[in-house]
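The values are calculated or read from the model by the stated rules, or taken from the named source; none is laboratory data. Treat the numbers as computed from the prediction; the structure is a model and nothing was measured. Cβ placement follows ideal geometry from the backbone for every residue including glycine, while neighbour counts extend to all protein chains displayed.
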């Protein structure tokens, strides 16, 4: 089944982390991947310490995409494609009952991964594995394929007052 957490509000990653913790707590195996994030978000440290959760991040992603040169973008794309292949392998081998792909939608929309490979993973997904994706602006084909779609919108956010993202709260 496909879960989508999307929108401009705070809480997409938090929802996916909660799902991963719940699944691991039930004895399941989780592959938790972060696209466009290098592993320094606060949740990663604790997820790595939970039995049953395997964490992969894109260590090559140390800047916003608009700040990257072509070589940096290519390194990130290469890593993202490796992560997609790992996810496909986990699905084909039933290695993980839940695969979380945090910021997948943004990586997809910014052409920071192989879209054919990503489409194969999402569109050919069987009911035997749960996959959760997060980010903004999911393609309509993903919405149609999804079993769960949660839209998280920002009605009010401290950023509007000029307050920068805070460690441990926003990241």
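The residues listed here are 126, 95, 51; of these, the one that is modelled with pLDDT of 95 or more and assigned to a loop (DSSP other than H, G, I, E, B) is 51.
Yes/no matrix, rows are residues, columns are (1) assigned to a helix (DSSP H, G or I); (2) at pLDDT below 95; (3) in contact with a strand residue (DSSP E or B) (Cβ under 7 Å, 6 or more places away or on another chain); (4) within 22 Å of residue 23 (Cβ to Cβ):
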| site | (1), (2), (3), (4) |
| --- | --- |
| 101 | no, no, yes, yes |
| 112 | no, no, no, no |
| 131 | no, no, yes, yes |
| 142 | yes, no, yes, yes |
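The condition of being surrounded by 12 or more Cβ atoms within 10 Å (Cβ to Cβ) and under 14 Å from the mean Cα position of the chain (by Cα) holds for only one of 125, 117, 84, 88, that being 84. Mind checking which residues of the range 64-75 are under 25 Å from residue 168 (Cα atoms) and either in contact with a helix residue (DSSP H, G or I) (Cβ under 7 Å, 6 or more places away or on another chain) or not in a loop (DSSP other than H, G, I, E, B) (or both)? Matches in the range 64-75: 65, 66, 67. Checked against (1) surrounded by fewer than 16 Cβ atoms within 10 Å (Cβ to Cβ); (2) over 30 Å from residue 26 (Cβ atoms); (3) at pLDDT below 95, residue 78 passes all but condition (3).
Would a scan of the range 8-17 turn up a residue that is at pLDDT 95 or above and surrounded by fewer than 20 Cβ atoms within 10 Å (Cβ to Cβ)? Show your work before the answer.
The first filter runs over the range 8-17 and keeps only residues at pLDDT 95 or above, leaving 12-17.
Adding the requirement that they be surrounded by fewer than 20 Cβ atoms within 10 Å (Cβ to Cβ) leaves 14-15.
Yes, the range 8-17 has at least one match.
Filtered by the rule that a residue be surrounded by 20 or more Cβ atoms within 10 Å (Cβ to Cβ) and in a loop (DSSP other than H, G, I, E, B), the range 18-36 gives 35, 36.
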